[in-house]
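A short worksheet on the structure shown next.
Read-outs: derived from the displayed coordinates by stated rules, not from any lab. Computed from a predicted model, the values in this text were never measured in an experiment.
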Amino acid sequence: MTEKAKDAFKTISEVSALLDVPPHVLRFWETKFSTLRPLKRSGGRRYYRPDDVAMLQRIRALLYDDGFTIKGAQKHLRSKGAGDEGGVPIGGAVQAASPAARPLAEAGSILTEVQSRLAALRTRILSV
């Protein structure tokens, strides 16, 4: 089987294999993360753009590697502007934060991340 170009659209089964996540989890994540909008063809077949795959990799890392909850990952991605440093998503666009607001936004982001990690740690401790 030949390998697709790096910028080619991928099917849900290809992304599922790439991320080692079942397809139903990818469909669930689409309902929880509004930035995920794969192209849907007739019959509902999904095609993921390279940006979608990159976002799914970030989401997977936050949930599986960093121990974030869904809500924690949503807040983290929102505070990071879905990957754009110093930006805040507004209506699908990214606006630059004012220089005075950056330290406050960074502190809020750090606090949200610490809170999510503490919650994950608490869950691990209580499950032992």
The Kirkwood hydrodynamic radius of the stretch 1-83, taken as the inverse of the mean 1/r over all distinct Cα pairs, in Å, comes to 13.3 Å
Karplus-derived 3J(HN,Hα), 6.51/-1.76/1.60, for each residue of the stretch 53-67, Hz, glycine and proline x: 5, 4, 5, 5, 5, 5, 4, 4, 5, 5, 6, 8, 8, 8, x
